[in-house]
């Protein structure tokens, strides 16, 4: 057999050359697409269900949220084990499946059973949600928003966080192999209404009246159209709140046909929710950054290349003086 192969190779040099070239090309292609990672993902086949309920203590989280979710998941076939964590305002239930069980099928089964679990959880206690298809080893590219020296005084830490959430995060979404963009640092910008209790008593207004007024005066609506000859004019009412002045001008009540405005019973200003941490870099104070989370099982090298290509485009759309700079690129470790 070996003699025949040698004889064929000698007599058909051109065919052997073509075969060798094809083999080399295929090898180069396979090498470029080989999924090599500096940190191999050994996470088991799992689906996580997270429920946020800020008003509940750990024992109440366990009783009203974690236990119903665990009981609903216990009847799913292919489950290896179920474990959970109940903390103040947070429930995390991890459902571990057999390694041979398809992950997407597992998530589908969990989603179906969450409907049953949600019916047993009071509406005001939160809604169970599935975590993205990623793991703790999916943090492949981490970055911060840096401000150039000549523009340092033009951006606050709150403005940088707003830039990240409304520009950077949205433009980085949709990258092949990325399932989530998480932002850190800074202050989340909020429109806050600080109610004056004494003014509420004076005008006989309740907090429910304030909430209802805010909800009813923050929406757009349509009312059909009016025909005039061969033309039609569409009727549309714009009521979305866009500034502090819009909120201050909301009518809360009209006793004796006298309008009581929001500014009469509350102080409206910008604020932020309570923070439980901060992000700093190089000892130079607070900064704002983000982490890209990779789809479980994806090729880290390819995904990072996709992220870098998108980062170039995002940098061109950022306000003057603001740039994205990476501080962890896992492709450097490969």
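The values are calculated or read from the model by the stated rules, or taken from the named source; none is laboratory data. Just so you know, these numbers come straight off a predicted model, no measurement behind them. Note: ideal-geometry Cβ built from the backbone for every residue, glycine included; neighbour counts use all protein chains shown.
Results, tabulated for the structure shown:
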read-out	value
Near pairs, Cβ below 9 angstrom, 6+ apart or cross-chain, from the range 165-178 (on the phi < 0 side of the Ramachandran plot and touching a residue at least 40 places away in the same chain (Cβ under 8 Å)) to any residue that is surrounded by fewer than 17 Cβ atoms within 10 Å (Cβ to Cβ) and outside any helix (DSSP H, G or I)	167/318; 167/319; 168/318; 169/182
Only listed residue being on the phi > 0 side of the Ramachandran plot, surrounded by fewer than 16 Cβ atoms within 10 Å (Cβ to Cβ) and touching a strand residue (DSSP E or B) at 6+ places or on another chain (Cβ under 8 Å), chosen from 224, 185	224
Subset of the range 268-292 (residues that are part of a strand (DSSP E or B) and either surrounded by fewer than 16 Cβ atoms within 10 Å (Cβ to Cβ) or over 19 Å from the mean Cα position of the chain (by Cα) (or both))	268, 269, 270, 271, 280, 286
Residue in the range 134-152 that is closer than 30 Å to residue 56 by Cα, touching a strand residue (DSSP E or B) at 6+ places or on another chain (Cβ under 9 Å) and either crowded, with 19+ Cβ neighbours inside 10 Å or at pLDDT 90 or above (or both) present	yes
Boolean, residue 69 is farther than 29 Å from residue 330 by Cα and free of Cβ contacts under 8 Å to residues at least 12 places away in the same chain	no
In the range 82-106, the residues that are surrounded by fewer than 16 Cβ atoms within 10 Å (Cβ to Cβ) and either out of contact with any strand residue (DSSP E or B) (no Cβ under 9 Å at 6 or more places or on another chain) or assigned to a helix (DSSP H, G or I) (or both)	87, 88, 100, 102, 103, 104, 105
Filtered residues of the range 205-221 (kept if in contact with a strand residue (DSSP E or B) (Cβ under 8 Å, 6 or more places away or on another chain), under 21 Å from residue 267 (Cα atoms) and assigned to a loop (DSSP other than H, G, I, E, B))	205, 217
